[in-house]
Every structure is written in C-alpha cells, then in structure tokens.
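Working notes, beginning with the structure itself.
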Amino acid sequence: MAKIHINIGSNQNREANIASAIDYLRLNFTIVKISDIFESPAEGFEGDNFYNMGVNATTKLSVEDVNAVLKNIEKTFGRDRTQPKFSSRLIDLDLVIYDDLVDLNANLPRDDILKYAFVLAPLAQLSGDEIHPLTKQTYQQLWRSFQTDNRFELLQYNIEEILP
C-alpha cells in the first residue's frame, strides 16, 4: 500500500465542494488523516479566497491511476481544464506525495510544496516528521523556514468549524 497526500482546494461554494470531494476520496482511497482547513487569497489572479486542506490516504493504485481518479472526481464537479492555470476552481485535487517517490515527469513530490503555504501547511500538519525526498528536511522544518522566509496570508480553521 502506498501512502499518498492529496491537496484539496476550492474557492467556489467551498464548504460543500470540499465536503463532497472528501466523500469521493473516501470511495476511492483509505483516508487516514484530514488536516485543518487553510484559507488563503487567490494566487496569480483576482478571485475569492480559497479553502485548502490535505488528506493522507493509502492506496494500491499506481501514480497514474491515482491521478486519473483525481481528474475524474474533478470532472464530476464540472472542472473545466481549458481555463487558465490561475483561475477560480470548483474543486482542485492534486497528488502531492506518493510514498517517497521522486518522479519529475509526474511532478512528485509536487513542486508546489516548496512554493505555496496552502500546500505545505496541511502537509506539515499531517506528516510533519516525514522527510521531503529532495530537500532531506522534514515537512515541519520546511514549514518553519517557509514561515520565516515568506510573507503570505493564511488562516487556519479546525475542520469541524467549517464542514458539517
């Protein structure tokens, strides 16, 4: 069984879409842990704030099959992949970690871990003591460095405060 981390994001009907996405993920993966919800401004465009969160799960599926499942879930929500990369999202599901696999063609570990607080914060919360396979630092160490070196807006909510 592979341990995976999926990042969930939405800035349209956020609560309902994230709750439904978690339900779909439960149908396809064994969910081990769910992070808090992190609210952040839209990156790269003007838009409503996003809710992002992370999910640690296990699966017997390959990387390709996990990504296919995530794309199918997004399609179920009506995600339009012809839209620009930086635009509003009904739902965004990204495979961030697949075990300790390093596969640059598959973007694993996802390069967004080192770029965006809304990707790193849930990962550090759920897997803080685990080692990033490229930097050889724990996700908690990366998060502390990120907090020191970067300016960002990020609000943290306990999931029970936001989702029913």
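The values are calculated or read from the model by the stated rules, or taken from the named source; none is laboratory data. Note that the structure is predicted; figures quoted are calculated from it, not measured. Cβ placement follows ideal geometry from the backbone for every residue including glycine, while neighbour counts extend to all protein chains displayed. All accessible areas refer to the heavy atoms of the entire protein, side chains included, with ligands and DNA or RNA removed. Shrake-Rupley method; radii C 1.70, N 1.55, O 1.52, S 1.80 Å.
The table below lists the values:
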| read-out | value |
| --- | --- |
| Cα gyration tensor category, rounded, prolate or oblate, for the range 88-161 with a/c compared to 1.5 | oblate |
| Computed [θ] at 222 nm, deg cm²/dmol, the chain (DSSP H ≥ 4; -39,500 (n - 2.57); rounded to nearest 500) | -10000 deg cm²/dmol |
| The chain: relative contact order as a whole-number percent, Cα under 8 Å and 6+ apart | 31 percent |
| Solvent-accessible surface ranking, highest first, for TYR157, TYR51 at 1.4 angstrom | TYR157, TYR51 |
| Extension gain from PHE45 to ILE31, taking 0.36 nm per residue of separation minus the Cα-Cα distance | 1.9 nm |
| Highest to lowest packing among 110-120, 84-94, scored as the average C-beta count within 10 Å | 110-120, 84-94 |
| Whole-angstrom gap from the range 118-138 to the range 35-65, using each part's C-alpha centre | 14 Å |
| Full-extension gain in nm, ARG81 to ALA106, via 0.36 nm per residue minus C-alpha separation | 7.2 nm |
| Where the range 34-164 is the region considered: accessible area per residue in Å², 1.4 Å probe | 55 Å² |
| GNM result for the chain, Cα springs below 10 Å: residue of PHE45, PHE146, PHE29 fluctuating most strongly | PHE45 |
